[in-house]
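Shown next, in structure tokens, is the structure this report addresses.
Any read-out appearing in this document is the output of simple, stated calculations on the displayed coordinates, not a laboratory observation. Note that the structure is predicted; figures quoted are calculated from it, not measured. Here the Cβ is made from the backbone with ideal geometry for all residues, glycine too, and neighbour counts use every protein chain on show.
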Amino acid sequence: MLRLSTFRALVAFALVLDVRAALKEGDCEVCIGFLGSFYASLIADTVPFSSADIESALVRKCTSARGKENRLCYYIGATSDAATKILSEISRPMSHHVPVEKICEKLKKKDGQICELRYDKEVDLSTVDLKKLKVKDLKKILDDWGETCKGCMEKSDFIRIIDELMPKYSPNGAKTRTDL
């Protein structure tokens with residue numbers, strides 16, 4: 001007769017195999033990444049695994065989410081301006097330690113936009129020529145740093161602000177850029 005712990009391990013392994021077959025490579029990149037780090041933070045902070053506690057922790061985590069992760073929070077209803085809430089679709093399975101890949105697969109069936117989110121590629125500030133970037137990319141660099149460029153009208157204004165702030169946010173990039 002199988003011991004309970006062995007049975008749970010077999011079920012978890014079967015779920016992982018099932019998930020890998022259902023999700024293609026690169027599907028749900030933001031969902032899996034965000035919920036994976038969220039799940040790890042729940043374990044590290046020893047949060048009780050009840051649906052209500054998980055939902056409140058998820059809403060708290062989403063208040064500091066930026067970029068694509070903030071968009072995911074909007075889609076699942078964890079932001080104040082979200083139109084719908086499907087938090088229970090995350091909290092209920094997570095309270096039973098269902099793998100985040102399986103949770104994201106179910107979320108994909110509810111709202112396909114969730115799995116279309118992709119992380120932006122990081123810009124290596126030590127090697128990139130800021131003059132060759134688009135203004136949109138320069139704004140994104142500032143947004144990632146939590147900064148804005150008030151009064152910036154031209155591309156050169158954005159580049160000047162990034163160069164000024166680089167020692168604070170990317171010391172290695174600033175050091176390498178001065179060597180160029």
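Rounded, prolate or oblate: which fits the range 27-180, taking a ≥ b ≥ c as square roots of the Cα gyration tensor eigenvalues, rounded meaning a/c under 1.5, else prolate when a/b beats b/c? It is prolate, given that a/c is not under 1.5 and a/b is the larger ratio.
The Cβ shell under 13 Å around MET94 holds other residues with a net charge of 0, Lys and Arg each +1, Asp and Glu each -1.
Please say if the range 130-179 is rounded, prolate or oblate, where rounded means a/c under 1.5 for a ≥ b ≥ c the square roots of the C-alpha gyration tensor eigenvalues, and otherwise the choice is prolate for a/b larger than b/c and oblate otherwise? Prolate, because a/c is 1.5 or more and a/b exceeds b/c. About its Cα centre, the range 130-179 has a charge dipole of approximately 180 debye under the convention of +1 per Lys or Arg Cβ and -1 per Asp or Glu Cβ, with nothing else charged. The HN-Hα couplings worked out from phi for the range 61-68 by the Karplus form 6.51 cos²θ - 1.76 cosθ + 1.60 (θ = phi - 60°) are 5, 6, 5, 9, 6, 10, x, 5 Hz, whole numbers, x standing for Gly and Pro. For the range 40-133, run through the chymotrypsin sites (Phe, Trp or Tyr not before Pro) and keep only the ones in DSSP coil with at most 16 other Cβ atoms within 10 Å of their Cβ. Passing both the DSSP loop test and the Cβ count: PHE49, TYR119.
From least to most packed, judged by other beta carbons within 10 angstrom and beginning with the fewest, GLU101, GLU164, GLU89 follow the order GLU164, GLU89, GLU101.
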